[in-house]
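Peer 1: Input: one structure, supplied below.
The values are calculated or read from the model by the stated rules, or taken from the named source; none is laboratory data. Everything numeric here is computed off the predicted structure, so don't read it as measured data. Neighbour counts run over all protein chains shown; Cβ positions are idealised from the backbone, glycine included. Note: areas computed on protein heavy atoms with side chains; ligands, DNA, RNA excluded. Shrake-Rupley method; radii C 1.70, N 1.55, O 1.52, S 1.80 Å.
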Amino acid sequence: MGFRRVWTGALLIAAASLSACGGASDTPRGEMEARRAALQQAIADDPAAIAERVALARVAIALGDGVGAEAAVKGAIEAGANDAALRPLLARAFELQGDGARALAALEAGPVIPEMLGEAAWVAGDVHLANGDLAAAREAYDRAVHELPRSSALWVDVARFRDASADMRGARDAVDYAIELDAANSAALAYKANLVRRAEGLTAALAWYDRALAADPGNAAALIDQAATLGDLGRYRDMLTALRRAAVLVPREPRIRYLQAVLAARAANYRLARSLLQRTRGALDSEPGFMLLSAVVELELGGEAVAASWAERLLAEQPHNFAARRLLAAAEWAGGDAEAALAALRPLVARPDADSWSLLLAARAAAEQGRDIESAGYQARAATLDRGEAVPFAVDADYGLLTMAADAAPLDPATVIPAISADMARGNTARAIERAVRLRDANPGVADAHMLLGDAALAGGRYALAVEAYRAARDLDAGERTTLRLANALYRAGDAAGSGAAIMALRDRQPSSVAADRIAGHLAIELGHWDAAIAHFERVGSRIGDRDAVVLRELARAWAAKGDDARALVLIDRAYRLQPLNAGIMELYAALLERRGKRQAAADLRDKAAQIGR
């Protein structure tokens, strides 16, 4: 190796300390762009420059420009740089281009100098994480942290890894340490905002997004996440402003088009929504939210076959996605295929907690095929407007084999969770709780582990244990899935006030939560807080439309209690047209008609209700 090669190797090691190898950078984007321009000019003035090419590669990596980074690294090697020092940077360039296989191949193509081993492991960790190989990612990140223990950017990726592993507590610790190492790390602050959004709610997250954007106004990812949060808060103008700012920075970013499509769909401008979805050019086609929105948009525009295709693709990925199943049924029904609609609904209507919409559509589809008895059964269940208890998802495997597998690997969620579900389905809740406790103890920072214990405890009637488990889950993830479970457990344990407080806390954290508003509305009805009930149910109606018979009935009840019979009559009439066999709706309708002097019509309704009840 000549003198020049040794000298450039030393320069490369010095350059390695200038910034991290990861895609995140603690330097604002505007400064990085200016630095890139200066380095490009320096290289143009001296084509043999090596250190400048290495610095340019790092700037390109920080800006997320994998193609530019690849060109800069290869230029440095061609100019005589030590490829053993640059191999991790080349791998990072490939990783940024979405080519994980080339990234790993680059790392394995030859030796890596000791000073760059941490960066090599870091790239490998990111590739394995993207591939879903969490075990390999863990091993790689452990090596990277050993070599680069004080890299703020690396700790952000460690937080992402822990989050992907469902370890919320570990993710929080990692991102907090990243911020401790560098309080101006915009990527760390933005990721902290994402974690806070789940743990503490939408409003709490906004302050962290503001801090991230103050540190780097050019952080497009933070702008996009902030826009999504603002949209969930119903602040659509602010959402659009954030998206426009992001579009200036990354005009081809598909997530921007997707979020704009969400806005368009909420405004019922489905043609614009379709156009925006198409402009993502397939980049998000595998994302569940994208598939669901595409199905909705196509169904609204009369593209039943395309809507069904999107719903089927989503169900292939998420077989228990009820919204996708309802969309598939609606698309098949609208397309004139009653048999396919009923087939799509069967997994839903077979459950005791089936919703009335699914039951009514199943009744119509069954009647269309001449299955009158089956249709009548669905209609009768729908007319009650009362949903039964949810049951565990069925496990299509032999019970003995499931329990043997779980006993052999009691800490492996892949074997234990199906066994717990099977135990619960068979009524063996004590065994389910025992398995869940062991899994929880091994994963104290994982919200799902606590929820699993809560579900098993609730099934076994151990309400105090369920409340304890759900509280622990909510401390890690304060979203709907944890809070609604906690509220239910509190109510069953006899703590109605605590249950209501949990629901209102969810409502405050996530104002867009339909479930929170719906339950809060029912609680307000029970307490006679009519104005609050009206506010809650009107918010539900504004998000889901005016075809929910329960919402219409409760609104009618609240307005009638306030003395506004005219408004109540309009609402209960609409509810009756949706559910003409529901006795409760008929009784309220009859009472309102009688108060308006229409005694015969009221008597006829009561007679019909009595006949149905026989």
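Peer 1: Over all directions, how big on average is the projection of the convex hull of the alpha-carbon atoms in the stretch 174-224, in square nanometres?
Peer 2: 3.1
Peer 1: Could I ask something else about it? Given the Cα-Cα distance of residue 570 and residue 398 and 0.36 nm per residue of separation, how much length would full extension add, in nm?
Peer 2: Gain in length upon complete extension: 56.6 nm.
Peer 1: Is the stretch 251-318 rounded, prolate or oblate when judged by the Cα gyration tensor, a ≥ b ≥ c being the square roots of its eigenvalues, rounded requiring a/c under 1.5 and prolate requiring a/b larger than b/c?
Peer 2: Working: a/c = 1.96, a/b = 1.17, b/c = 1.68.
Oblate shape, in that a/c is at least 1.5 and b/c is the bigger or equal ratio.
Peer 1: Taking the Cα centroid of the stretch 172-215 and of the stretch 125-163, what is the distance between the two, rounded to the nearest whole Å?
Peer 2: Each part reduced to its Cα centre gives a spacing of 18 Å.
Peer 1: Pairs of alpha-carbon atoms within less than 8 angstrom and 6+ residues apart define the contacts here; what relative contact order does the stretch 39-118 have, in percent?
Peer 2: 25
Peer 1: What does the accessible area of residue 320 come to, in Å² to the nearest 10, when a probe of 1.4 Å is used?
Peer 2: 100
Peer 1: Per-residue HN-Hα couplings for the stretch 240-249, Karplus 6.51 cos²θ - 1.76 cosθ + 1.60 at θ = phi - 60°, whole Hz, x for Gly and Pro?
Peer 2: 5, 4, 5, 5, 5, 5, 5, 5, 5, 7
Peer 1: Ordered by residue, what ³J(HN,Hα) values in Hz, to whole numbers, does the stretch 494-503 give under the Karplus form 6.51 cos²θ - 1.76 cosθ + 1.60, where θ = phi - 60° and Gly and Pro are x?
Peer 2: Whole-Hz 3J(HN,Hα) from phi for the stretch 494-503: x, 9, 5, 5, x, 4, x, 5, 5, 5.
Peer 1: Now, a different point. Can you list the lysines whose alpha carbon sits under 22 Å from that of residue 608, skipping same-chain ones fewer than 8 residues off?
Peer 2: 598
Peer 1: Further question on the same structure: Using Cα centres only, tell me the gap between the stretch 557-614 and the stretch 223-299 in whole Å.
Peer 2: 42
Peer 1: Put a dot 7 Å past each Cα toward the Cβ at residue 71 and residue 204; how far apart are the dots in nm?
Peer 2: Modelled inter-label distance: 4.6 nm.
Peer 1: Also, quick follow-up: Quickly estimate the mean residue ellipticity at 222 nm for the chain, helices only: each DSSP H run with n ≥ 4 gives -39500 (n - 2.57), and the total goes over all residues, rounded to 500. Let's see the in-between values first.
Peer 2: On the way: 35 runs with 464 residues, N = 614.
Taken over the chain, the calculation gives -24000 deg cm²/dmol.
Peer 1: Leaving out ligands, DNA and RNA but keeping every protein chain, what accessible area does residue 562 have, in Å² rounded to the nearest 10, with a 1.4 Å probe?
Peer 2: Per-residue accessible area (residue 562): approximately 100 Å².
Peer 1: Taking 8 Å as the Cα distance limit and 6 or more residues as the minimum spacing, I'd like the relative contact order of the chain as a percentage.
Peer 2: So the answer I get is 7 percent.
Peer 1: Moving to a separate point now. Viscosity 0.692 mPa s, temperature 37 °C: Stokes-Einstein D of the chain from its Kirkwood Cα radius, in µm² per second?
Peer 2: On the way: Rh = 27.8 Å.
Roughly 118 µm²/s, to the nearest whole number.
Peer 1: Continuing with this model, one more query. Whole-Hz ³J(HN,Hα) for each residue in the stretch 302-310, computed from phi via Karplus 6.51 cos²θ - 1.76 cosθ + 1.60 with θ = phi - 60°, x for glycine and proline: what do you get?
Peer 2: Residue by residue, the stretch 302-310 yields x, x, 4, 5, 5, 4, 4, 4, 5 Hz.
Peer 1: In addition: Among 63, 233, 164, whose Cα projects farthest towards the positive end of the dipole of the chain, with charges put on the beta-carbon of Lys, Arg (+1) and Asp, Glu (-1)?
Peer 2: Result: 233, furthest along the dipole toward the positive end.
Peer 1: With the crude spin-label approximation of a point 7 Å out along Cα→Cβ, what separation in nm comes out for residue 46 versus residue 108?
Peer 2: In this crude spin-label approximation the distance works out to 3.8 nm.
Peer 1: Leaving out ligands and nucleic acids, and using a 1.4 Å probe, what accessible area per residue does the stretch 391-490 come to in Å²?
Peer 2: On the way: 4410 Å² over 100 residues.
Each residue of the stretch 391-490 exposes 44 Å² on average to a 1.4 Å probe.
Peer 1: Here's another thing I want to ask about it. I want to check the label-to-label distance for residue 594 and residue 480. Put each point 7 Å from Cα in the C-beta direction and report it in nm to one decimal.
Peer 2: Going from the residue 594 label point to the residue 480 one covers 3.8 nm.
Peer 1: Here's a follow-up. Quick one: which residues, 5+ away or cross-chain, put their amide H under 5 Å from the amide H of residue 462? H built at 1.01 Å from N.
Peer 2: The answer is none.
Peer 1: Cα centroid distance between the stretch 468-485 and the stretch 54-71, in Å?
Peer 2: 42
Peer 1: Take each of the peptides 328-334, 211-217, 227-233, 411-417, average the number of other beta-carbon atoms within 10 Å over its residues, and list them starting from the highest.
Peer 2: Highest-to-lowest ranking by the protection proxy: 328-334, 227-233, 211-217, 411-417.
Peer 1: Still on this model: May I ask you to give the percent of accessible area on the chain that is carbon plus sulfur, with a probe radius of 1.4 Å?
Peer 2: Exposed carbon and sulfur together represent 52 percent of the surface.
Peer 1: Of the options 483, 521, 450, report the single residue whose Cα projects farthest towards the positive end of the charge dipole of the stretch 418-531 (beta-carbon charges: Lys, Arg +1; Asp, Glu -1).
Peer 2: 450
Peer 1: Please list 77, 525 in order of solvent-accessible area, largest first, computed with a 1.4 Å probe with all protein chains present.
Peer 2: 77, 525
Peer 1: While we're looking at this one, here's another question. What is the extension gain from residue 237 to residue 269, computed as 0.36 nm multiplied by their sequence separation minus the C-alpha to C-alpha distance, in nm to one decimal?
Peer 2: 9.9 nm
Peer 1: Sticking with this structure for a sec: Whenever you get a sec, line up 115, 253 from highest to lowest accessible area (probe 1.4 Å, protein heavy atoms).
Peer 2: 115, 253
Peer 1: For residue 508 and residue 323 in one chain, what is 0.36 nm times their gap in residues minus the Cα-Cα distance, to one decimal in nm?
Peer 2: Full extension of this stretch gives 64.1 nm more.
Peer 1: Under the Kirkwood approximation for Rh and a Cα-based Rg, what ratio Rg/Rh is obtained for the stretch 15-165?
Peer 2: Reported Rg/Rh (Cα atoms, Kirkwood Rh): 0.96.
Peer 1: While we're on this one: In straight Cα distance, which lysines are under 21 Å from residue 74, not counting same-chain residues fewer than 8 positions off?
Peer 2: Straight-line reach from residue 74, under 21 Å: no lysines qualify.
Peer 1: What accessible area, in Å² to the nearest ten, does a 1.4 Å probe give for residue 586?
Peer 2: 0
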